[in-house]
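Single-structure report; data block below.
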Amino acid sequence: MGKGDVRSVAKDIGSLKVQGARRIAKAALLALMRAGDKSKAKDADTFYSDLLSASRELAESRPTEPMMRNALSDSLRFCLAHIHAHPSREVSQLKAALHTHQDHILYGMDQAAEKIARHGAEQIAPGANILVHCHSSTLVRMLIRAQEEGKHPRVTCLETRPLFQGRLTARELADAGVKTALAVDSSAGSLMPGMDMVFVGADAITAGGDLVNKIGTHTLAQLADRHSVRFLCAAELYKYDPLTLFGRTEPIEERAAAEVWGDGRYAKEKNGKRKTLDVPAGLRILNPAFDLTPARLIGAYITEEGRVSPAQLPGIAQRKLRLKN
Ligand code: RUB
């Protein structure tokens, strides 16, 4: 099975070469598809266990990504169901059926993103001032759609330390002709009174309707609440983490200290070259990648099924994931 491919995609996800829940889920699913296609297994059981180990390796690349886990689990479930339903079929037939199913998942993700863009654009008033955080492909698509519909939103992107994904958002929006500004994260408090809405993406949504998204999202939600600014989240239902229904706490990824310490102003010149100052002994650097915004601070989720409240979302998502009828 294409282990190398799986390993390198897992590495790209872990290093944020591939970032954002949707891109991560797609990259992981494509890696699993390629791994399945290349499998040399002669029987269905071996094929399934190969698929399972590839899926585990991919799922472990970033801990706070239920969209990836849901897409991988969907493939595994399909594979098992197919083996049970057709025990005498050749591995080649199983592979072909799985491939078709995975194509279907990928197509569904694109359709969902398109629907979210349409539903989200409806929420945007002409000329609205919108504050956004980090880089969400779902949100970017929606803002560009609003622009194409003639809404001409004015979007302010927060830089999103330490890895500055907000700059990526700013570039994509500016390239698409959206009126865009870029601001440092700590300006959020002073910018908030001038905003009509805050729009963010999602990495995970819990059974209680809480949102896990890029660190700083919770602060924005509190500020929005204080200034009576609408706080919305663009999220495909695949972001729901079904395990939280059974008491699992969504893990918050802790990333490397080097991302925070970096080589910003705390760098010194040495022989004409910039050199990062060493981290002082005993200094602990905190770098949680995500935080949790409680459901009560979220105005609505914009999903492929339309605008839903945080209380409604878990039930709707459970139906989509076929956890209930
Ligand atoms: C990205 C992030 C995004 C969500 C949603 O964090 O928090 O808001 O993943 O993205 P990171 P999308 O850069 O650490 O992956 O809408 O593309 O799924």
Quiz item: Which FRET efficiency value, to the nearest 0.05, do you get for Arg274 and Val184 by plugging their Cβ-Cβ distance into 1/(1 + (r/R0)^6) with R0 = 25 Å?
Solution: 0.75
Quiz prompt | Label-point gap, in nm, between Leu283 and Glu149 - each point 7 angstrom along Cα→Cβ | solution = 4.7 nm
Quiz item: Cα centroid distance between the stretch 171-215 and the stretch 33-68, in Å?
Solution: 34 Å
Quiz item: Packing-wise, with mean Cβ within 10 Å as the measure, how do 271-277, 212-218, 30-36 rank, highest first?
Solution: 212-218, 30-36, 271-277
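If you take every DSSP beta bridge fully contained in the chain, what fraction is antiparallel? Give it as a percent rounded to 5.
Working: 14 of 35 bridges.
So the antiparallel bridges in the chain amount to around 40 percent.
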Exercise. Report, by chain and number, residues whose modeled amide H sits under 5 Å from the one on Phe290, excluding near sequence neighbours (fewer than 5 apart, same chain).
Key: Ile215, Glu253
Quiz item: What order, most packed first, do the peptides 193-201, 62-70 have when packing is the mean number of other Cβ atoms within 10 Å of each residue?
Solution: 62-70, 193-201
Quiz item: Label points 7 Å out from Cα along the Cβ direction at Leu80 and Arg230: separation in nm?
Solution: 4.2 nm
Exercise. Just check the chain against the gyration tensor rule for me: Cα atoms, a ≥ b ≥ c as the square roots of the eigenvalues, rounded for a/c under 1.5, and otherwise prolate or oblate depending on whether a/b exceeds b/c.
Key: oblate
Quiz item: Relative contact order for the stretch 45-176: what is it in percent, counting Cα pairs under 8 Å that are at least 6 residues apart?
Solution: 17 percent
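Ranked highest first by average number of other Cβ atoms within 10 Å, how do 10-18, 168-176, 135-143 line up?
135-143, 168-176, 10-18
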Quiz item: To the nearest 20 debye, what charge dipole does the chain have about its Cα centre, counting +1 at the Cβ of each Lys and Arg and -1 at the Cβ of each Asp and Glu?
Solution: 460 debye
Quiz prompt | Nitroxide proxy distance, nm - points 7 Å out along Cα→Cβ at Ser49 and Ala311 | solution = 4.9 nm
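Each reported figure results from applying straightforward, stated rules to the coordinates on display, with no laboratory input. Values in this document were obtained by computation on a predicted structure and should not be read as measured data. When we count neighbours, we look across all protein chains shown, and the Cβ atoms used for this are built from the backbone with ideal geometry, even at glycine.
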